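**Q** The structure under discussion is supplied below as structure tokens; questions concerning it will follow.
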Amino acid sequence: MENASPPRILIVGLDRYGMRACVRLGLDTTVICGAASWDEGHIAIPDEVTVLRVDDHTSPEAVLMALDRAGLTGRAFDAVYTTDEDSLVMVGLLARHLGLPFTAPEVAVRFRDKSVQKREIRAAGIATAGAEVIEDVHDVAAIDRLPFERAVLKPVAGAATERTSVVTSAAELHRRSGEYRRQATPQRTFVLEQFVRGEEWIADGVLYEGELLFCALGRYGDPCLTAVDTGKPLHFRHFDPSVDGWAHDRALPVIKASLEALGLRDGMFHLELFHDPDTGTLTFGECAARRGGALVQEVVQAKFNVDLAQCAVQVALGRRPELDVKIRPAVVGGAYLTAGAGLLLDCPSAAEIAALPGVEFVRIERPVGEYAPEVAGTGQRIGQFMVMADSAEELQDRFAEVWDWFRTRLVVVPDGLKGRELRELQHVLRPGARFGDALWQ
């Protein structure tokens, strides 16, 4: 009908590609924006989108109050959508309250709670790590031995590898507990998981009414935990279904069985597997009921011509996404731009980096003048870039070239310098300028 109103959708949390998809689809879009996201100002909000600002977009109370203040209660929306990891369960509850389709909260819990997730995967007969819950990581005095020879300590509902570390003894666990206690970390419930070796593979795809419509399979250059522990920039690439068909043949049955075990029938997923190159076995790692972070959206679209965000919005509206998969023969990958802890004074622009060989896209995320903390998770970086190459080896070489070029042009005042060291640094930052002791006459 020509005069019919466009569908109305509520987005919880800022999602640049989700908002773009809504605008392109002509939807009447309202976005819930938390105070931290607003203050950061990193994600641009289209003019066509209505913004409701709240203190905390993960809080059902804050969201419901904002909707009521705006007169958007009752049947004000046709769909609700989020790609925010911390909001998944809340949005499931919100959707049920508003009478809208979305991942049911009990299903969302299986994707948020690492211990519940692995319990369901193990019950389905799929190989995965053993796991034991620590109810309060601030108090582990009663634990005198680890359940595994080598264990991974992580928040039970964490994300981006934050506060994730390998522990090999009860004494090491106690030291980590004391560190978190001194930091007064808000996350208290943790899980100890059995350490799994191997390459870390990733799968990003689209589900509609239980059918797997699309799945992009790839791998991290180094497992996420290794990248965080060593301070190396995270990087990844997606496999080509024809060149790497063996990997798809091996992984797809595990992926489908895992999604079925967790109960996801509609929406996006980002699943991680560990591949043992010696035996060919796959071990389930984790799975999120959203599209992947980093540059997954961009790399998948560049390699396969699939807009994951637009697919997610269409599924939220109850529409079957119409995919036009076109596989680009180039090897496509994404990588982080990082620096040590310190005050960022200057860095190359996106345009300068994009001019380097093979670089297709760049996003600089941390503004000059901001303090860059020590890398403690895969969510911390200065920026990201996407590269295309003719082979996996060439891709890795181009990553290294960009990292080396970027590092030599990065200006950071390192964390922890003494006054003498800072004075010496002035000669580098301001050649010819005089900063130091002086005598009159």
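The values are calculated or read from the model by the stated rules, or taken from the named source; none is laboratory data. Nothing here was measured: the structure is a model prediction, and the numbers come from that model. We place every Cβ from the backbone using ideal geometry, glycine too, and count neighbours over all the protein chains shown. Surface areas here come from the heavy atoms of the whole protein model, side chains and all, with no ligands, DNA or RNA. Shrake-Rupley method; radii C 1.70, N 1.55, O 1.52, S 1.80 Å.
**Q** Taking the Cβ-Cβ separation of Asp86 and Arg423 as r and a Förster radius of 25 Å, what is the calculated FRET efficiency to the nearest 0.05?
**A** That gives a FRET efficiency of 0.05.
**Q** Multiply the residue separation of Tyr371 and Ala123 by 0.36 nm, subtract the distance between their alpha-carbon atoms, and state the gained length in nm to one decimal.
**A** 84.8 nm
**Q** Tell me whether the range 24-93 comes out rounded, prolate or oblate; compute the Cα gyration tensor, take square roots of the eigenvalues as a ≥ b ≥ c, and use a/c under 1.5 as the rounded threshold. Walk me through the numbers on the way to the answer.
**A** Values: a/c = 1.33, a/b = 1.03, b/c = 1.29.
Rounded.
**Q** Let me ask another. Let me know the charge dipole size of the range 395-441 about its Cα centre in debye, to the nearest 20, where only the beta-carbon of Lys, Arg (+1) and Asp, Glu (-1) is charged. All intermediate terms of the calculation are to be shown ahead of the outcome.
**A** Numbers: 8 positive and 7 negative charges, 44 e Å.
For the range 395-441, the charge dipole is close to 220 debye.
**Q** Could you tell me the distance between the Cα centroids of the range 61-85 and the range 99-124, to the nearest Å?
**A** With the range 61-85 and the range 99-124 each reduced to a Cα centre, they are spaced 23 Å.
**Q** Continuing with this model, one more query. With N set to the number of residues, divide the alpha-carbon radius of gyration of the range 291-441 by 2.2 N^0.38 Å and report two decimals. Numbers along the way, then the final one.
**A** Values: Rg = 20.8 Å, N = 151, 2.2 N^0.38 = 14.8 Å.
Compared with the compact-globule rule of thumb, the range 291-441 sits at 1.40.
**Q** Please enumerate, by chain and number, the lysines with C-alpha under 18 Å from the C-alpha of Lys303, excluding those fewer than 8 residues away in the same chain.
**A** Counting by Cα, and skipping residues close in sequence, Lys303 has these lysines nearby: Lys326.
**Q** Let me ask another. Determine the alpha carbon to alpha carbon distance for each of Lys114/Lys154; Lys232/Lys418; Lys154/Lys232 and list only those over 18 Å.
**A** In this structure, Lys232/Lys418; Lys154/Lys232 lie more than 18 Å apart at Cα.
**Q** Roll a 1.4 Å probe over the protein chains and send me the accessible area per residue for the chain in Å². Display every interim value, and only then the final one.
**A** Working: 21450 Å² over 441 residues.
Value returned for the chain: 49 Å² of accessible area per residue.
**Q** If you take the Cα Rg of the range 107-252 and divide it by 2.2 N^0.38 Å, with N the number of residues, what do you get?
**A** Computed over Cα atoms of the range 107-252, the ratio equals 1.18.
**Q** Tell me, what is the percent relative contact order of the chain, built from C-alpha pairs under 8 Å that lie six or more residues apart?
**A** 12 percent
**Q** Treating cross-link reach as a plain straight distance, find the lysines whose alpha-carbon is under 16 Å from the alpha-carbon of Lys256, omitting any fewer than eight places away in the same chain.
**A** Lys118
**Q** Charges at C-beta only: +1 for Lys and Arg, -1 for Asp and Glu. How large is the resulting dipole of the range 354-441 about its Cα centre, in Debye rounded to 20? Kindly include the intermediate steps, with their values, before the conclusion.
**A** Numbers: 11 positive and 14 negative charges, 127 e Å.
Dipole size: approximately 600 debye.
**Q** Moving on to the next point. If you average the sequence gap of Cα pairs under 8 Å that are 6 or more apart and divide by the length of the range 1-133, what percent do you get for the contact order? Walk me through the intermediate numbers first.
**A** Details: 193 pairs, mean separation 26.8, N = 133.
Answer for the range 1-133 is 20 percent.
**Q** Ignoring any ligand, DNA or RNA, what whole percent of the accessible area of the chain comes from carbon and sulfur when the probe is 1.4 angstrom?
**A** 48 percent
**Q** If you line up the Cα atoms of the range 61-186 on their principal axes, what length do they span on each, largest first, in Å?
**A** Extents along the principal axes, in whole Å: 55, 40, 22.
**Q** Go ahead and set up a Gaussian network model of the chain, Cα springs under 10 Å, then flag whichever of Asp39, Asp307, Asp222 fluctuates most.
**A** For the chain, modelled as a Gaussian network with Cα springs under 10 Å, the answer is Asp39.
**Q** Spelling out what I want: for every residue of the range 155-169, take phi, set θ = phi - 60°, compute 6.51 cos²θ - 1.76 cosθ + 1.60 (Karplus), and round to whole Hz; glycine and proline get x.
**A** Rounded to whole hertz, the list is x, 5, 10, x, 7, 6, 6, 6, 6, 10, 8, 8, 10, 10, 7.
**Q** Same structure, new question: Using the Cα centre of the chain as the reference point, and only Cβ charges (+1 on K/R, -1 on D/E), how large is the resulting charge dipole? Debye, rounded to the nearest 20.
**A** Magnitude of the dipole: close to 440 debye.
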